[in-house]
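Right, one structure below, let's go through it.
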Amino acid sequence: MKILEHIAQDIVEKTSEILQYPISITDDKGYIIGATDKSRIGIFHEPSLEVIKKNIMIDCKSEIEKRILPGVSVPIKFNSKVIGVLGVVGEPREVEKYGQLVKNQVEMLCQEAFRKEMVELKEKMIEVFVHQIIHYKENEENDHILNYANLLDIEMDKDQVCLLIDIHSLSEKISAGNFPLAYFQREVLDFLNLLFQENKGDIVSFLNIERFIIIKSLPFYDSYSSFMKRLDEKLGKLNSFLESKYQVSACMAVGDISHGIKEVSESYNNAKKAMSIGISSSQTSNIYIYNEREIMLHLLPKDLSATYRKKLMKIIAPLVEHDSYDVLSSTFIAYCKNNMKLSEASRSLYIHRNTTIYRLERISEITSLNTSNFEHCMLLYTAIQCYEEK
């Protein structure tokens with residue numbers, strides 16, 4: 001069994017220190033794969049075949065020409081099958097009492113190694129599965145994605161939502177040196193599984209050194225609302241863990257509710273948009289939730305043609321060149337965000353209503369746009385966004 005081969009020498013070295021007797025481990029063909037005396041590794045140990053065949057402990061007598069040492073040999077089992085033999089070197093009557101004890105330890109270590117190997121294998125499958133989903137293209141075959149979903153027992157025809165978790169300033173920590181990146185990713189992944197693995201089909205994986213992904217299943221009618229109510233608490237627990245152990249913190253973005261491979265891919269892309277806009281905005285919350293209308297407004301300047309942007313820049317140029325651009329533009333943005341209501345805009349800026357009126361009149365004089373006209377305001381608002389996106 002490959003697992004025994006991988007851990008045999010490590011088991012021998014750790015066990016020999018405690019036992020104070022030399023020990024060896026052979027594979028199911030009778031060849032030594034781990035030994036206190038490393039020069040014995042690779043030697044054929046004939047008595048092991050008898051142990052494997054009869055599934056019993058036997059005493060071994062010293063046979064110099066066959067390089068057999070005195071002691072006891074005990075079968076090592078995994079899932080009721082003999083996979084190798086443990087040998088404890090010494091006077092058989094003295095060491096036989098240790099045979100069963102060490103055998104139990106070796107079998108437990110084999111079980112643990114197998115469990116760890118299965119966990120790592122599943123994580124690799126999840127990682128591949130996640131990358132296949134987020135890079136999904138509509139016109140391509142998706143049978144391979146469905147095959148992975150079946151292997152992982154994930155139902156893609158249920159409602160799901162995609163979340164992204166970004167770790168702040170991790171690159172700087174790594175660049176500074178001595179940061180345990182592999183250990184960090186393992187610990188964070190385990191912690192995220194504890195926080196978010198609640199339903200069958202919940203997926204947790206990492207995308208790169210700073211970003212983790214969660215595809216959260218929503219099996220019930222109120223699953224989404226219930227989950228969102230606990231999101232602040234979950235992020236708080238994650239940040240407490242990160243800050244206390246690694247002196248870093250995280251933020252989170254939430255995509256929209258999805259159904260099926262195509263929509264999960266869209267939910268991921270929408271979470272990415274929410275994360276990008278949330279990080280660049282001045283909002284104090286560390287949770288950025290995708291809102292299609294708000295996202296469209298934020299993305300509008302980037303999606304305009306170069307020719308149209310150039311025309312907008314021409315309109316706003318006199319205002320940009322004005323010494324009071326910062327004050328006038330922030331007043332105008334507040335005016336727009338308060339539905340062009342002077343009193344509400346003034347309250348949000350903590351200024352007198354007359355001051356707001358004066359500033360809007362100055363904007364009209366400088367740009368030749370009427371700030372009481374919705375169409376003119378829309379042009380100016382978009383122009384300011386274009387200018388400040390540069």
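Within region 1-52, the residues that satisfy the criterion of being more than 23 Å from K81 (Cα to Cα) and among the acidic types (D, E) are E13, E17, D37.
One line per residue, one yes/no per condition, for (1) without any contact (Cβ under 8 Å) to a residue 24 or more places away in the chain; (2) in the same structural domain as S267 (by the TED database):
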residue	(1), (2)
V130	no, no
I134	no, no
N147	yes, no
S175	yes, yes
Q197	yes, yes
D202	yes, yes
F227	no, yes
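Okay, residues lined up against (1) open to solvent by 40 Å² or more (accessible area, probe 1.4 Å); (2) among the β-branched types (V, I, T); (3) in the same structural domain as T382 (by the TED database); (4) part of a helix (DSSP H, G or I):
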{"site": "L319", "(1), (2), (3), (4)": "no, no, yes, yes"}
{"site": "Y335", "(1), (2), (3), (4)": "no, no, yes, yes"}
{"site": "E344", "(1), (2), (3), (4)": "yes, no, yes, yes"}
{"site": "I351", "(1), (2), (3), (4)": "yes, yes, yes, no"}
{"site": "R362", "(1), (2), (3), (4)": "yes, no, yes, yes"}
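Consider region 270-291 and keep the residues that are assigned to a helix (DSSP H, G or I) and under 17 Å from D159 (Cβ atoms). The one that is modelled with the lowest pLDDT is N270. Filtered by the rule that a residue be over 27 Å from F129 (Cβ atoms) and among the charged types (D, E, K, R), region 223-263 gives K229, D232, E233, E243, K245.
Does at least one position in region 214-221 carry a residue that is over 12 Å from the mean Cα position of the chain (by Cα), without any contact (Cβ under 8 Å) to a residue 24 or more places away in the chain and open to solvent by less than 80 Å² (accessible area, probe 1.4 Å)? The answer is no; no qualifying residue exists. For region 7-65, a tally of residues being outside any helix (DSSP H, G or I), under 21 Å from E112 (Cα atoms) and of a type in the set (A, V, I, L, M) returns 4.
All conditions but one from (1) under 22 Å from E13 (Cβ atoms); (2) touching a strand residue (DSSP E or B) at 6+ places or on another chain (Cβ under 6 Å); (3) without any contact (Cβ under 8 Å) to a residue 40 or more places away in the chain apply to K97; the one that does not is (2). Restricting to region 233-283, give me the number of residues that are open to solvent by 80 Å² or more (accessible area, probe 1.4 Å), under 20 Å from I174 (Cα atoms) and in contact with an Asp or Glu (Cβ under 8 Å, 6 or more places away or on another chain). Here the count works out to 1. Annotation note: of S267, S244, S258, S240, the sole residue that is closer than 23 Å to E155 by Cβ and in a helix (DSSP H, G or I) is S267.
The values are calculated or read from the model by the stated rules, or taken from the named source; none is laboratory data. Quantities reported herein were computed from a predicted structural model and do not represent experimental measurements. We place every Cβ from the backbone using ideal geometry, glycine too, and count neighbours over all the protein chains shown. Ligands, DNA and RNA are stripped out before the accessible areas are found, and what is left, the full protein with its side chains, is counted by its heavy atoms. Shrake-Rupley method; radii C 1.70, N 1.55, O 1.52, S 1.80 Å.
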